[in-house]
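Working notes, structure below.
The values are calculated or read from the model by the stated rules, or taken from the named source; none is laboratory data. Because the structure is predicted, anything quoted here is derived from the model rather than measured. So basically every Cβ, Gly included, is an ideal-geometry build from the backbone, and we count neighbours across all protein chains shown. Protein only, heavy atoms only, side chains kept; ligands, DNA and RNA dropped before computing areas. Shrake-Rupley method; radii C 1.70, N 1.55, O 1.52, S 1.80 Å.
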Amino acid sequence: MVVITQYFIRKLRPAFYAFLTRILYSGRVKIGKYFRTDSIPRILVDKGCKIEIGNNVEFRRNIEIRAHNNSNIIIEDDCRIDRGVRFLSTNESTISIGKRTRIGLNAVFNGGANITVGEKCLISGFVYLQTSMHAFSSQYKAVQDQGFDHAPVILKNDCWLGTHVVILPGIILEKGAVVGSNAVVTKNVGEYNIVGGIPAKIIKERMQ
């Protein structure tokens, strides 16, 4: 009985929900071969937007994907997206997730500007990639009435973000960068640098 249950959870259910997802979002979302999902993702895609999911992509439960205002979301081949992850693109931006990247549970990608994630990145649970910030300079208006400032976020290949990391707008993480858990990244991070803290500072470098 245990073997049958595990087979259903690991094989049959993801294939069944993938089949339903293809039917439900047919014509609005491009889905590659060997897609698997533990539940039907919640996908909202406006006219003029594009959502593409590559080959051999695996979703866990309760994924949310929203593309508004002529924006795009592209998840390339061999990615794995854990439970509760949220992608939001708008303002003609593009969220691009590179091949073989792994994203942990409840991570948030807030794409008011472009978010580019390279290949083979590891993004742990509860990470927040933020491209938008409320304007707040005027004391004569409520913050929510002052609009937003936007700047892109770029993670190059082989980056690793620990759990609860926050990446602020305009940040570039070069190839091989590592960010320790709970860090808030306010400045660019160089190749193979390891950073941590609030605000994040260089701790050491990855060795050959």
Name the single residue that is most open to solvent (accessible area, probe 1.4 Å) among those in the stretch 56-74 being aliphatic (A, V, I, L, M) and part of a strand (DSSP E or B). ILE74
I need a count of the residues in the stretch 154-174 that are surrounded by fewer than 18 Cβ atoms within 10 Å (Cβ to Cβ), touching a Ser or Thr at 6+ places or on another chain (Cβ under 8 Å) and not in a loop (DSSP other than H, G, I, E, B). 0
Scan the stretch 78-92 residue by residue and report those that are assigned to a strand (DSSP E or B) and surrounded by fewer than 21 Cβ atoms within 10 Å (Cβ to Cβ). ARG80, ARG86
State yes or no: is VAL57 touching a Cys at 6+ places or on another chain (Cβ under 7 Å) and modelled with pLDDT of 95 or more? yes
